[in-house]
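Just below is one structure, and these are the notes that go with it.
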Amino acid sequence: AKELVRVLVTGAAGQIGYALVPMIARGVMLGSDQPVILHMLDIPPAAEALNGVKMELVDAAFPLLKGVVATTDVVEACTGVNVAVMVGGFPRKEGMERKDVMSKNVSIYKSQASALEQHAAPNCKVLVVANPANTNALILKEFAPSIPAKNITCLTRLDHNRALGQISERLNVQVSDVKNAIIWGNHSSTQYPDVNHASVKTPSGEKPVRELVKDDGWLNGEFITTVQQRGAAIIKARKLSSALSAASAACDHIRDWVLGTPEGTWVSMGVYSDGSYNVPSGLIYSFPVTCHNGDWKIVQGLAIDEFSRKKLDLTGAELSEEKELAYSCLS
Ligand code: NAX
């Protein structure tokens, strides 16, 4: 039998948590043959709701779910976890200054970094979902220096999947036949969804997306803004932010990271920049990556045209500014 894997979900009483924990318990994240123990963390005001989620997990009688820890104690939550999905955070409320929201999240991610560093299993893989996702992940990395930087990532897979979805709708092809879009940079409206290297599987072989769409105006305009603004469009329609798609993307992110990306396919992940593509190092920036044996690698050598260059730089500049703001909250 496979060894048990412990998966932490913070903010588990929230909307994404509610969509995510049953997916994990069904094997969507780690495989249908992988038994799991779920660790769920939330804050005291949500303790009762969290316990309700635990009751439902028991009631669902998931065969792969071998245990549930539901707690408001961060040390108990982090102990022995192999995968940590950080969904809990402080949301921006109306009338709040950016700096105040940043400061709340910096203090949450600073303390959860220490708890993970001290109590998680060695080689724990961390995915930060909570916004500002890239900068929360950076703070986590800075305050958990013994966790290798390669183990700390943030979610841009939802944006990546949104890009694939838009192309599939536009061309009226299966989304599973579209691949190799790229989300560059920040999980914010400055992200750059790039389809210059994306392709579609057709009966006569793989064809570049640009060749099939035949409308550079749309690809360089409306396509980009639709992906960038999709989160806001969901809020407008649902009066709630994306939850099922975010949960599904979190599963995709961890599954591909642990089990590997298919040959010839890359995905987007927010990872610690090594300066590839002249992106400033020392930021958590979304790149195209392939995964193998539990490690990601940035795809190298893709041509970046002038239009793209500007967009890579713009979203990088925003991340540098967020980093500065986060650091100013520390002093
Ligand atoms: P909810 O407000 O429904 O849930 C958040 C949960 O986190 C709440 O239960 C809250 O009590 C808990 N929480 C707050 N502080 C905590 C702490 N210190 N420790 C543990 N738990 C804590 O938000 P939801 O819609 O689930 O979204 C969660 C986060 O994901 C938000 O920050 C949101 O902005 C972010 N998103 C990120 C996305 C991405 O692609 N990276 C997309 C979806 C989503 O918008």
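The values are calculated or read from the model by the stated rules, or taken from the named source; none is laboratory data. Treat the numbers as computed from the prediction; the structure is a model and nothing was measured. FYI the Cβ positions are ideal-geometry reconstructions off the backbone, even for glycines, and counts take in every protein chain you see.
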Under 6 Å between Cβ atoms, which residue pairs at least 6 apart in sequence (or on different chains) link something in the stretch 2-26 that is crowded, with 17+ Cβ neighbours inside 10 Å with a partner that is modelled with pLDDT of 95 or more and of a type in the set (Phe, Trp, Tyr)?
25/62
Can you name every residue in the stretch 56-66 that is away from the ligand (no atom under 16 Å from the Cβ) and outside any strand (DSSP E or B)?
58, 59, 60, 61, 62, 63, 64
List the pairs whose first member sits in the stretch 41-53 and is closer than 13 Å to residue 21 by Cβ, whose second member is within 9 Å of the ligand (Cβ to nearest atom) and β-branched (Val, Ile, Thr), and whose Cβ atoms are under 8 Å apart, counting only residues at least 6 apart or on separate chains?
41/10; 41/72; 41/74; 42/10; 42/72; 50/72
Does the stretch 68-88 hold any residues that are in a strand (DSSP E or B) and within 20 Å of the chain's Cα centre (by Cα), and which are they?
83, 84, 85, 86
Check 198, 233 and return the single one that is among the hydrophobic types (A, V, I, L, M, F, W, C), in contact with a helix residue (DSSP H, G or I) (Cβ under 9 Å, 6 or more places away or on another chain) and within 16 Å of the ligand (Cβ to nearest atom).
233
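Each row is one residue, and each column tells you yes or no for (1) surrounded by fewer than 12 Cβ atoms within 10 Å (Cβ to Cβ); (2) away from the ligand (no atom under 12 Å from the Cβ); (3) under 22 Å from residue 155 (Cα atoms).
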{"residue": "48", "(1), (2), (3)": "yes, no, no"}
{"residue": "68", "(1), (2), (3)": "no, yes, no"}
{"residue": "71", "(1), (2), (3)": "no, no, no"}
{"residue": "77", "(1), (2), (3)": "no, no, yes"}
{"residue": "85", "(1), (2), (3)": "no, no, yes"}
{"residue": "90", "(1), (2), (3)": "no, no, yes"}
{"residue": "104", "(1), (2), (3)": "no, no, yes"}
{"residue": "115", "(1), (2), (3)": "no, no, yes"}
{"residue": "123", "(1), (2), (3)": "yes, yes, yes"}
Selected residue (only one of 274, 256, 252 is assigned to a loop (DSSP other than H, G, I, E, B) and in contact (Cβ under 8 Å) with a residue 12 or more places away in the chain):
274
Of (1) within 13 Å of the ligand (Cβ to nearest atom); (2) in contact (Cβ under 8 Å) with a residue 12 or more places away in the chain; (3) out of contact with any Asp or Glu (no Cβ under 8 Å at 6 or more places or on another chain); (4) not in a loop (DSSP other than H, G, I, E, B), residue 241 fails just (4)
I want to confirm something. Restricting to the stretch 156-195 and keeping residues that are of a type in the set (Lys, Arg) and surrounded by 21 or more Cβ atoms within 10 Å (Cβ to Cβ), which single residue is nearest to the ligand (Cβ to nearest atom)?
157
Residue pairs meeting the criteria (Cβ under 6 Å; at least 6 apart or on separate chains; first among the hydroxyl-bearing types (Ser, Thr, Tyr), in the stretch 105-117; second crowded, with 24+ Cβ neighbours inside 10 Å):
109/136; 109/139; 109/140
Is one or more of the residues making up the stretch 245-254 closer than 27 Å to residue 19 by Cβ and acidic (Asp, Glu)?
yes
Hits in the stretch 125-151 (condition: more than 11 Å from the ligand (Cβ to nearest atom) and in contact with a Gly (Cβ under 9 Å, 6 or more places away or on another chain)):
125, 138
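Of the residues that make up the stretch 309-321, is at least one β-branched (Val, Ile, Thr), in contact with a His (Cβ under 9 Å, 6 or more places away or on another chain) and at pLDDT 95 or above?
So far as the stretch 309-321 goes, no, none of its residues is β-branched (Val, Ile, Thr), in contact with a His (Cβ under 9 Å, 6 or more places away or on another chain) and at pLDDT 95 or above.
This table checks each residue for (1) touching a helix residue (DSSP H, G or I) at 6+ places or on another chain (Cβ under 8 Å); (2) farther than 18 Å from residue 125 by Cβ.
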position	(1), (2)
4	no, no
40	yes, no
57	yes, yes
79	yes, no
Considering only the stretch 89-181, give the helices (runs of 4 or more DSSP H) lying wholly within it that have at least 1 residues that are at pLDDT below 95 and at negative phi.
98-119
